[in-house]
1. Quickly run through segment 85-94 and pick out the residues that are crowded, with 20+ Cβ neighbours inside 10 Å and either in contact (Cβ under 8 Å) with a residue 60 or more places away in the chain or under 16 Å from Tyr223 (Cβ atoms) (or both).
2. Any residue that is of a type outside the set (Phe, Trp, Tyr), surrounded by 14 or more Cβ atoms within 10 Å (Cβ to Cβ) and over 23 Å from Val336 (Cβ atoms) - is there at least one of those in segment 251-258?
3. Answer yes or no: is there a residue in segment 347-363 that is more than 20 Å from Leu185 (Cβ to Cβ) and in contact with a His (Cβ under 7 Å, 6 or more places away or on another chain).
4. Only residues that are touching a residue at least 24 places away in the same chain (Cβ under 8 Å) and not in a helix (DSSP H, G or I): list them for segment 157-167, please.
5. Would you point out which residue out of Val178, Val191 is farther than 20 Å from Ser396 by Cα and at pLDDT 90 or above?
6. Hey, does segment 138-148 have a residue that's buried (at least 22 other Cβ atoms within 10 Å of the Cβ), among the hydrophobic types (A, V, I, L, M, F, W, C) and in contact with a Cys (Cβ under 6 Å, 6 or more places away or on another chain)?
7. Which of the residues spanning segment 95-105 are of a type outside the set (S, T, N, Q) and free of Cβ contacts under 8 Å to residues at least 12 places away in the same chain?
8. Under 6 Å between Cβ atoms, which residue pairs at least 6 apart in sequence (or on different chains) link something in segment 210-226 that is without any contact (Cβ under 8 Å) to a residue 40 or more places away in the chain with a partner that is assigned to a helix (DSSP H, G or I) and among the hydroxyl-bearing types (Ser, Thr, Tyr)?
Amino acid sequence: MLVRSAEVGPEAGVDRPQAHRGRVVVQAWIASRGLIAAVALIIAIVDHRSLTDLVSNWDVQHFVRLAEDGYFAEPDNILMAFFPGLPVLLSLFAQFGAPMAVSGVIISTLCSAVAAAALFRLGGPWAAVAWLFAPTAVFTTVPYTESLFCAAAFWAWERARSDRWLAAAVLASIACTVRVSGVFLVGALLVMIISDRTDWQIKIKRAGLMLIPAAVIAGFVSYLYLLTGSWTAWYHAQSTGWVRGLTWPWDSFKNTIPAIVPGAYADHPWWAAVFRGEVISMAVGLGVTVWCLVVSIRARRSPRREIAEGRGLWGEASWVGIQVVAFSLSYWFFSVNRATLLWFPLWIMIGRWAGWRPEPRLGRIAHRSVVGLAFALEIVLMIWWSWLYFTGHWAS
């Protein structure tokens, strides 16, 4: 079962001193960032490329253009698919002479530490370690939005779980400047509020605070309307630039199948592998959603006082579930691999599993062996995904 931040401790499968657990997370942050940097350095030496060039692939170029020249800097207004949070930070750093690629790496790397700290609070050290070594962790070190969003969103959730709702609303507002996922975050926080066992006056007060991040979303949509005269400018940019037109889930799945079969994209041999990852990520997201719902139903029916009075995981289920639904409504499964970085319930579940200690000695040995193999596989995938990105291959 997932736990609240206040419940992380011996009963969560963690019995080491707090300071030692914190050091484990710090060491994992240094090791994971160092490993990704080592991949980039080796490629830079072998291919005679600058490190700035290596980190500037794919969406990074859009973020830089947006930071330099605004939303009309590219044809078809596709830059309107991006929220302004990261580009604004990049432009601020540029005022002091810092190259945007370099400042983007600094922002992402530091924010990954902030996000890991929130995961440590929410689910213990192994949740943070699993997230830091995630297969797509390279996107938490390059000028993408994942680290910045996770830093704000994870702490917003932690503050909400700790009944610090004003802080949660402010942090959610920051998240809403970074990605459209902020809309889902606000929705999930509202589900948490509604499902909490408090009186309606408290619920209404907390829900009222969610108007703060909602106003940020409304402000961005209104800004795009003033620029284009269209209330759907963001959606149009997504559809134009990334084939994200509204599609029924079964059609989206059917459209993805040809991309995963052996021999697909003969000129780009790694594309099919990444698309297979998209399908797996969708399945994982669905599994996490179902698990959170099952835990919530069990908690509501439990006769045990300490469980029955808990909040359940309705908010967590909605946070992952609504994203799975959103990705299933696209033309095909796309960018889901990166989205797993946002699914903190997934990493908490993995952390709980890694910290579990079976009673029989042989069972404990077998469990530790499986955890070790899983962690080794995670590192291999992280290295491979880093290679994909740094060499310019499509990496989701």
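1. Residues satisfying the conditions are Gly85, Leu86, Pro87.
2. Scanning segment 251-258 turns up no residue that is of a type outside the set (Phe, Trp, Tyr), surrounded by 14 or more Cβ atoms within 10 Å (Cβ to Cβ) and over 23 Å from Val336 (Cβ atoms).
3. As a first pass, look at segment 347-363 and keep what is more than 20 Å from Leu185 (Cβ to Cβ): 350-363.
Going one step further and asking which of them are in contact with a His (Cβ under 7 Å, 6 or more places away or on another chain), we end up with 356, 358.
Yes - at least one qualifying residue is present in segment 347-363.
4. Within segment 157-167, the subset touching a residue at least 24 places away in the same chain (Cβ under 8 Å) is 157-158, 160-162, 165-166.
Residue satisfying the conditions is Ser162 alone.
5. Numbers: Val178 fails: farther than 20 Å from Ser396 by Cα.
Exactly one of Val178, Val191 is farther than 20 Å from Ser396 by Cα and at pLDDT 90 or above, namely Val191.
6. Start the filter on segment 138-148 by keeping residues that are buried (at least 22 other Cβ atoms within 10 Å of the Cβ), which leaves 138-148.
Still in the running and among the hydrophobic types (A, V, I, L, M, F, W, C): 138-139, 142, 148.
Next cut, in contact with a Cys (Cβ under 6 Å, 6 or more places away or on another chain) only: 148.
Within segment 138-148, one or more residues are buried (at least 22 other Cβ atoms within 10 Å of the Cβ), among the hydrophobic types (A, V, I, L, M, F, W, C) and in contact with a Cys (Cβ under 6 Å, 6 or more places away or on another chain).
7. Within segment 95-105, Phe96, Gly97, Ala98 qualify.
8. none
The values are calculated or read from the model by the stated rules, or taken from the named source; none is laboratory data. Fair warning: this is a prediction, and the values are worked out from it, not measured in the lab. Note: ideal-geometry Cβ built from the backbone for every residue, glycine included; neighbour counts use all protein chains shown.
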